[in-house]
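Written out below as structure tokens is the structure these notes cover.
The values are calculated or read from the model by the stated rules, or taken from the named source; none is laboratory data. Since the model is a prediction, treat every value here as computed from it, not as a measurement. Cβ atoms come from the backbone with ideal geometry, glycine included; neighbour counts cover every protein chain shown.
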Amino acid sequence: MFLTKKQEKMLEGEMGEVISKNMKLIVKLGEINEAKKLIPIKSAQIAGVSYFTVGEAIFSFFNLFSKENVKVKVPSWLNPAGMDRKNWEKMGITERFAEKQFQIIQKYEEMGVESTLTCTPYLIGYQPNYGEHLAWSESSAVVMANSFFGARTNREGGPSALAAALTGFTAEYGFHLTEKRQPTIKVNVETNLDTLADFSALGYWYGKNFHGETPFITGLSQLSINEAKMLSSAIAASGSVALFHAKNLSPESEIISLDNIKEKIIFSESEKQSVYDCFTQKDTNFDIVVIGCPHASLTELVIIHSSLKDKVLKKNLKFWVFTSQKVSNSKKFKPIQRCLEKKGIEIFTDTCMVVSPIVRTKYKHILTNSAKASKYLSNSKQTKVTFRSLHHILRNVTE
Ligand code: F3S
């Protein structure tokens, strides 16, 4: 692989042992994937933050960095942690867990990573530009960056995203290359997608059936940022898909080549319904509603607020919404938050229903509007999950 003089020096240790180790990781990944060179990145988004998912192993990893005071070279942000930084006790998090979680966040902050603790950096002002190269690791954000914004990133792991952040480079392979961004399956949507959950269902169904294949989606009349967010998270969760194109709606849809299309498929009402059926239980004794996978936008919070304004939540039903601190701190949100909290709805930031240990261990029947959350939460045998649209949920959770 071609390396510039500067990159060679970084690799050989002239800028310290830590940078050298991280360069080695990036070069190794590049060699495995037959990259011809390294390219500079504009930003990094780093997963591997929740103490629940990374455990004690993360501290040995951090020890590799502790000798030198290394800092990230590009704007870098963190994925959600295992708890809300302010309201962790309210969530039922233990003191020991909280202590460990704060230590992890601090380690990243010492390297200059901004503790945004969200999977939706694009909702808080960090939208990538068309054609920019990135190293993002949250799978739903990767699909958003590639598909909705037309930026270019592979599905990085936490360590490779951090390595890219510390060196400022990634290897040029996969979704950084125009030829790897061409669709291979054409999906015609022949049913109405009326709710955000319907977009989630489309993503989930496609990913489950066409693992890793880039789709060219036709038949959609619109694709808002919230709709794209739901589609992206589900398609990545069920099928490790990193990019989709939507005819006339996504930025590269006019310039892609359709020469590699090997199959044409239809997403009709029955395919859509099959996803809801997949996460349907016989009983409707939900003990918690969880919204905000990916993290809720202000628009979604406004929908919840206006639907429940004059209503009373069912007794003994928990209703948790997950979002980012930046959304929750926004001026527009404060009056909404006060009203929702009066109704017993908890708004948690910095974390989510999947990367926090609480939802899956304390609650037996979870109701959500996210196919991604449904997939991960139903991995636990003692937990039942029902997947419905936000509108359906809001109609059914009040007295
Ligand atoms: Fe985000 Fe957690 Fe869902 S990180 S995409 S809210 S699983």
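For the range 338-362, the tally of residues that are within 16 Å of the ligand (Cβ to nearest atom) and not polar (S, T, N, Q) stands at 12.
Taken across the range 292-309, residues that are in contact with a Leu (Cβ under 7 Å, 6 or more places away or on another chain), away from the ligand (no atom under 15 Å from the Cβ) and without any contact (Cβ under 8 Å) to a residue 40 or more places away in the chain do occur, with at least one present.
Please verify whether SER324 is under 18 Å from PHE199 (Cβ atoms), within 15 Å of the ligand (Cβ to nearest atom), in contact with a helix residue (DSSP H, G or I) (Cβ under 8 Å, 6 or more places away or on another chain) and polar (S, T, N, Q), treating the condition exactly as stated. Against the criterion (under 18 Å from PHE199 (Cβ atoms), within 15 Å of the ligand (Cβ to nearest atom), in contact with a helix residue (DSSP H, G or I) (Cβ under 8 Å, 6 or more places away or on another chain) and polar (S, T, N, Q)), SER324 does not qualify.
Taken together, SER140, SER147 contain a single residue that is out of contact with any strand residue (DSSP E or B) (no Cβ under 8 Å at 6 or more places or on another chain), assigned by TED's automatic domain parsing to the domain that holds LEU29 and part of a helix (DSSP H, G or I), which is SER140.
Every residue, every condition in (1) in the same structural domain as LEU202 (by TED's automatic domain parsing); (2) hydrophobic (A, V, I, L, M, F, W, C); (3) in a strand (DSSP E or B); (4) surrounded by 22 or more Cβ atoms within 10 Å (Cβ to Cβ), yes or no:
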| residue | (1), (2), (3), (4) |
| --- | --- |
| LEU301 | no, yes, no, yes |
| LYS315 | no, no, no, no |
| PHE322 | no, yes, yes, yes |
| LEU340 | no, yes, no, no |
| CYS352 | no, yes, no, yes |
| THR361 | no, no, no, no |
| LYS372 | no, no, no, yes |
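Among the residues making up the range 81-123, those that are of a type in the set (A, V, I, L, M) and away from the ligand (no atom under 13 Å from the Cβ) are MET91, ILE93, ALA98, ILE104, ILE105, MET111, VAL113.
Residue-by-condition table, conditions (1) surrounded by 14 or more Cβ atoms within 10 Å (Cβ to Cβ); (2) at pLDDT below 95; (3) in contact with a Lys or Arg (Cβ under 7 Å, 6 or more places away or on another chain); (4) of a type outside the set (Gly, Ala, Ser):
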residue	(1), (2), (3), (4)
LYS5	no, no, no, yes
GLU8	no, no, no, yes
MET15	yes, no, yes, yes
LYS21	yes, no, no, yes
GLU34	no, no, no, yes
LYS37	yes, no, no, yes
LYS42	yes, no, no, yes
GLN45	yes, no, no, yes
SER50	yes, no, no, no
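Condition first: within 16 Å of the chain's Cα centre (by Cα), surrounded by fewer than 20 Cβ atoms within 10 Å (Cβ to Cβ) and polar (S, T, N, Q). Now tell me which residues in the range 184-236 satisfy that. The answer is ASN226, and nothing else. One residue alone among SER253, SER307 is within 30 Å of GLN182 (Cα to Cα) and of a type in the set (S, T, N, Q), and that residue is SER253.
The strands (runs of 3 or more DSSP E) falling completely within the range 12-110 that include 3 or more residues that are in contact (Cβ under 8 Å) with a residue 60 or more places away in the chain map to 38-40, 44-46. Residues of the range 106-117 include none that is outside the structural domain of PRO251 (by TED's automatic domain parsing), out of contact with any strand residue (DSSP E or B) (no Cβ under 8 Å at 6 or more places or on another chain) and buried (at least 20 other Cβ atoms within 10 Å of the Cβ).
Of all the residues in the range 277-318, those that are of a type outside the set (D, E, K, R) and in contact with an Asp or Glu (Cβ under 9 Å, 6 or more places away or on another chain) number 7. Just wondering, is there one or more residues in the range 124-139 that are under 30 Å from SER270 (Cβ atoms), within 16 Å of the ligand (Cβ to nearest atom) and touching a residue at least 60 places away in the same chain (Cβ under 8 Å)? Yes: one or more hits. So which residues in the range 374-397 are within 16 Å of the ligand (Cβ to nearest atom) and assigned to a helix (DSSP H, G or I), if there are any at all? Across the range 374-397, the qualifying residues are SER374, LYS375, TYR376, LEU377, LEU390. Within the range 227-250, no residue that is within 14 Å of LEU193 (Cβ to Cβ) and more than 13 Å from the ligand (Cβ to nearest atom) sits with its Cβ atom under 8 Å from a residue that is assigned to a helix (DSSP H, G or I) and at pLDDT below 95 at 6+ positions apart or across chains. When the strands (runs of 3 or more DSSP E) confined to the range 160-231 are screened for residues that are more than 18 Å from PHE148 (Cβ to Cβ), those reaching at least 3 such residues are found at 169-171, 185-189.
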